[in-house]
1. Which entries of B:83/B:411; B:33/B:322; B:89/C:282; B:83/C:282; B:357/B:411 show an alpha-carbon separation above 20 angstrom in the structure shown?
2. Testing the spin-label approximation: label points 7 Å from Cα along Cα→Cβ at residue B:409 and residue C:18. State their distance in nm.
3. By per-residue mean of other Cβ atoms within 10 Å, what is the highest-first order of A:8-18, B:352-362, C:129-139?
4. Output the antiparallel fraction of DSSP beta bridges having both residues in chain B, as a percent to the nearest 5.
5. Which one, A:272, A:107, A:33, has the greatest fluctuation when you compute a Gaussian network model over chain A with C-alpha springs under 10 angstrom?
6. Among A:171, A:48, A:182, whose Cα sits farthest toward the positive end of the charge dipole of the range A:2-283 (+1 at Cβ of Lys/Arg, -1 at Cβ of Asp/Glu, about the Cα centre)?
7. Just add up the charged neighbours of residue B:376: K/R +1, D/E -1, any other residue whose Cβ is under 15 Å from the Cβ of residue B:376.
8. For a footprinting-style exposure proxy, rank C:302, A:259 by other Cβ within 10 Å, fewest first.
Amino acid sequence: MFWIQLVNGLMEGMTLFLIASGLTLIFGVTRIINFAHGSLYMLGAFMTYELVPLIAPGTLGGFFAAVLIAGLAVSVLGVVFEMLALRRIYGADGLMQLIVTVALVLILRDAVRMIWGPNSLSVPMPDPLMGALQIGQSYFPLFPIAVFAAGLVVVGAMIWTIYFTRAGILLRAGTDDRGMVALCGVNEKLIFTAVFAAGAFLAGLAGGLAAPYGEVNHLLDTTVIVSAFIVCVIGGLGNLYGALAGALVVGITKAIGVMYFPRLSMVLIFLIMALVLIARSMGRQGGSAR
Amino acid sequence: MLETKLRRTAALMTATWALAVGGQSFAQEGPVKVGFAADLTGACAALAEDGLNGAKLAAAEINAAGGILGRPVELIVRDTMTKPDEGAKVARALITDEKIDVLTGVCSSAVMLAESAVSGELKVPFYAAIGSTQRANIELYQPYFWQVQANATMEAYAAAEYVAKKPEWKNISALGSDYEWGHTSVAAFTERLKTLRPDIEFAEPIYAKVGETAMAPYITATLAQSPDAVFAPLFGPSLGAVLKQGPGFGFFQRTNLVTLMTVDTLQSQGAAMPKDNVYGISRAPFFALEQTPAVTGFVDAYRTEFKEYPTDWAISAYDGLKFYAAAADKAGSVDPEAIMTAVGEVTYDGLREAGLKVRALDGQMNAPVYVGKATKVEGYDFPILTEVEKFEGAPLMPSEDFILEARKAAK
Amino acid sequence: MTDPRILWAQVARAAVNWKLIAPLLIAVEALNWLAPASTSTMLTEIAILALFAASLNLLMSFGHMVSFGHAAYFGLGAYGFTLAVVRAGLPPEAALLAGPMVAALGGLIFGALCVRLTEIYFAMLTLACAQITYTVLFQWYDFTGGDTGITGFMTPRLGLSEAGYASFALWTVVLAVLALWVIVKSPLGLMIRAVGQDRARAEALGLGARKVQLTAFVIAAFFAGIAGTLYAVLHGSAFPDYAGLSLTLDGLIMVVLGGLNSFAGGIWGAVIYQLLSTFVPKVIHEWELVLGFVLLGICLAMPHGFVGLLKRLGLGRKGGK
């Protein structure tokens, strides 16, 4: 059972990474804690719900196409929000931006409820991914394996973008020192908008990919956002590789935890985060943990 | 549940319904006010909305027939946001400001207990039609309370009765959500099944975080116990996740799932429902009720009005309000004391069955529980329950002695 | 100890505002006694949440410590009181003191861990501590009653009428806020601000930064505990939700809405936010949508909060910071 749980953990870890990656990306560059990230994730799931029956239903290609389009649609919404709301208050305290994203959470949740109603919906799984890979007496479900593979593609695309494109150079520069980037004459606003677009896309993508593996409803936003934060914090906010490591650690600990300390499941990820943070504070005596 | 809720404080829109019923002339006393303090936003939103719809239909029907004691029924709706403190506040405001005659609406156990406490304190009748914690019958009982559906313990007993009739099931596991409802359901199920079938082996129960949607580790752990059947009192999203994630582990080939499966769950699963080995406990599946003219008429009216099939919650809330009307008729007044006496005496023929009664000792209605097999059939675009077995409410109710003992123990 | 004469001078200086605040308080009291009972309940809630927000604001505006887990101390206050009645058998009047003490104790334990970190990592550790608190309240059935909470253990409001209890809560809160004001203006308050503004410089001046921060944390927890206790008495119940994330978020919204870096910010924010979230849902079913847009509008129109707006209009008091 241990090995199956390990695989379960890896699978959940990748889903968590897909959610957390966009969040940590946005924070890394803009220093904004985007509380609406879970709402964008939820929108991605609902968009996928609408698109799947339209594009070659049941097929693998149709599903991934639907998810990609959903991600893009969410990305557009993210850009609109950034340009209309967030951009106006970059000068204000960072917390004001947090509250603006909280306002978006409220708006999107009720909007989704008005459009799709309060009942849970179900996104059909693509037929080829329905079954399981059976090895001896052990079952390994295909769908999360496919999500895992999709996650690897996203990681690959990120690494490529970050190291081999101009956008990636700006991104790295912006994460390190955004003032300097601005001094170099790069349009800082454009970078922010682009990063927000990318982050929102990742949120929508994650929501779409996860949609067939659970229920889709207007409460998905809050289910997701806190664990996404925790993953980011464990990995170091703004650090993509950290987020990947954090996500896998959380996923695996949760899965293994079911076997050894089941009563802790509700609080487990908070305990991991607390331990990581406390260890961090011990490691850097007197300094700030950044 | 699900902390995670951002919404704050407030009471909700006054939706006044069904006042103007064409041509009816009512007495001068003013309407009978039903305070509907429901969890319209938050984790319970979907259930509460269905309940509200059922109550609206009941109110319209009562008014069309001349109202309660010649007075029209008015629903005053408020949102509790699925928060107990908000529920208490809203209930209090309905009683003190709106001068309601009766309080109802809740779904979440915590909100239900909070509202019941207010009802007891201010001596205004309160009935639950969705939320069903047995704590409200036992240690937190107060004399202005009753509930019109089988409580959580009775549902678990019904599941045990059903499982007991499957001789081929010898090893039983339990997978529940890790909160009060999950734990008490597993305890009651195990207790009843042990007496019915001493031969059955029980594995150590497994509890999942409330609202958990990554159920793969729990599915794996449950299957490792090699059970013939799994009793699963799981909270909404977790149950949906088991149905979606189970097939990847061969769950529905390797074992059977016995779980709470109301009409809304059946609908939300749609085509994704596993083909076999899912057994649902249900409170009021419209397709399995005795198809009396009242039932078919209600289903038709509901579908016309709300463009969907009525869920268990809608039927329960409908029966709840009609039962109150019946009690008021018997009492000849809506005075709280008179109502409470009548509640313990009146017999009501409801949608779920004829002869529904409330036991005065603990405010529990002898409501039936249905258990059946989830199956896709022609004519519905969602799976329904077939081979449905109806368990009468009375034999599922804990004995009066048991209630008194439990109350004493809690003191 | 602060010299009593200096202390009096502080109170007297605060009294400048009394010209404005006193009529306001009298108006609120008049409303309380004249309006229906549910208005009194609403006023009680506003007062309680104003204290909660003010205590959070002490951390945020003066200590520059953003807490994502302040509801924990509200919850500990509520449960400290409730459990003192239910488990220890204290009379409710005596248990009133237990709530804030338990909250302060919680603040001491968690604070000692949290102040080792700064900025977002500090915030996330406070979140972790709060969630651990929430989980304990949620799962420890035998002691805390678990997720269905503790109800019916006392007469709500200590048997006072709605208006009577509103009055009691209002004046308790006024006293507590006054105490917070004195703390902010005291040498301790100066130290808290010094560490908040520039930790390195404060340390160079010989201040033990962590010790100062921990003191501020415990004080904030204590006052949040008073708010939690008042709330538990108001409803005569305690539920894990009282320590939940949604209350923490509400507190943050209140402080930011009211205006950071100002003593009165949290209080104004609580009043505005509570009024909005009481009345908007009465008007429209989609109240979250409307509340979201109103919040968005307020944030964009006054990025420095309500107090910032007051200052721009020339109504603000000088030197709030």
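1. On the way: B:83/B:411 26 Å; B:33/B:322 14 Å; B:89/C:282 14 Å; B:83/C:282 17 Å; B:357/B:411 28 Å.
Cα-Cα > 20 Å for B:83/B:411; B:357/B:411; rest within.
2. For residue B:409 paired with residue C:18, the spin-label model returns 5.9 nm.
3. On the way: A:8-18: 26.1, B:352-362: 18.6, C:129-139: 24.0.
Highest-to-lowest ranking by the protection proxy: A:8-18, C:129-139, B:352-362.
4. Numbers: 14 of 45 bridges.
Around 30 percent of the beta bridges assigned by DSSP in chain B are antiparallel ones.
5. Of A:272, A:107, A:33, the Gaussian network model singles out A:107 as fluctuating most.
6. A:182
7. Details: positive: B:275, B:373; negative: B:276, B:378, B:381, B:387.
For residues surrounding residue B:376, the net value is -2.
8. Values: C:302 18, A:259 15.
Ordered by Cβ neighbours within 10 Å, fewest first: A:259, C:302.
Computed from the coordinates by the stated procedures, all read-outs in this text should not be read as laboratory data. This is a predicted model, so every value here is computed, not measured. Note that we place each Cβ from the backbone using ideal geometry, even for glycine, and neighbour counts take in every protein chain shown.
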